Amino acid sequence: MMATLRLRFVAAFAGAALCLNAAWAGGLETLDAFVKNVKSGRATFTQTVTAPAKDGQVVRAKVSSGSFEFVRPNRFKFIYKKPFEQSIVADGQTLWLYDVDLAQVTARKQAAALGSTPAALISAAPDLKALQAEYTLTDAPAAEGQEWLQATPKSKEGSLQSVRVGFKNGMLATLEILDSFGQRSVLQFSAFEANAAIEPGSFQFKPPAGVDVVRQ
C-alpha cells in the first residue's frame, strides 16, 4: 500500500526546488526561475500521508523520511529510509521501485508511469508556458511564513486533484498533494541544494541479486 502511495506522490519531485534566488517573490515567478535555472538538486524530506476520515473514525497519519536527488531532464530518485527502506529511481526511461522488505523490484516505462504528473512535467518542461498547458497555475495567499503556488491539473482523468507548493526565504519548504480519493500527502523539505554536482549516471538502477523483478 505504501509503495502505491509513494508512486502516486512521486510528484513530490515537483518540489525538488521550485525556488532559486527568488526570496519572497510570487509562487509563479519562483516556479519560472526554477524551470529556467535549476538543473539539479538534492534535499532531505519528511512525508506525512493522511487518509480522509470516515464515519468519525480517528485517522492515523503515516510518516516516512528520506532523501532525494534529481538531474534534468527526467532523472530523479527518492530514497526512503524510515520506517521502511524503499527506493524510487527514474533513469529517464524506466521508473524503478525497490521494496527492501518485500525483496521485490517493480519496473515500469517512465513515460507511462508518470504521464503528466508534476514530476514528469517539471523535470522536462522547458518553460512556464509548457507547464501551463497541463496545469492551471496561480499564486496562493501567503501563510505560515511561506509563499504558496497552487497547481490544478486541467485533465480530470488522473488521480491528482491539486498540488500546493510552499516557499520560505526563496527555498522550497512544503509540498502538499491532494489526490482524487481525498488522501493528502504533505512533504516538508530541508537542506535543499540547488544545482548540486550530481552525475546523471548515479540514477542508473540495477536490481539486487536474488530479488523478484516485476515488469509492467
Residues of region 66-79 satisfying the condition of being under 13 Å from the mean Cα position of the chain (by Cα) and in a strand (DSSP E or B): GLY66, SER67, PHE68, GLU69, PHE70, ARG75, PHE76, LYS77, PHE78, ILE79
Meets criteria (assigned to a loop (DSSP other than H, G, I, E, B) and either within 19 Å of SER185 (Cα to Cα) or under 17 Å from the mean Cα position of the chain (by Cα) (or both)) for GLY158: yes
Evaluation of ASN169 against (1) surrounded by fewer than 17 Cβ atoms within 10 Å (Cβ to Cβ); (2) modelled with pLDDT of 80 or more (one fails), failing number: (2)
Odd one out for GLN110 among (1) modelled with pLDDT under 90; (2) farther than 27 Å from GLU29 by Cα; (3) touching a Gly at 6+ places or on another chain (Cβ under 6 Å): (3)
Residue list for region 121-155, restricted to those being within 26 Å of GLN93 (Cα to Cα), modelled with pLDDT of 75 or more and not in a strand (DSSP E or B): LEU128, LYS129, LEU131, GLN132, ALA133, GLU134, LYS154, SER155
Among residues of region 194-216, those that are modelled with pLDDT of 90 or more and in a strand (DSSP E or B), counted: 4
When residues of region 172-193 are limited to those that are among the polar types (S, T, N, Q) and in a strand (DSSP E or B), the one surrounded by the fewest Cβ atoms within 10 Å (Cβ to Cβ): SER190
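The values are calculated or read from the model by the stated rules, or taken from the named source; none is laboratory data. Fair warning: this is a prediction, and the values are worked out from it, not measured in the lab. Neighbour counts run over all protein chains shown; Cβ positions are idealised from the backbone, glycine included.
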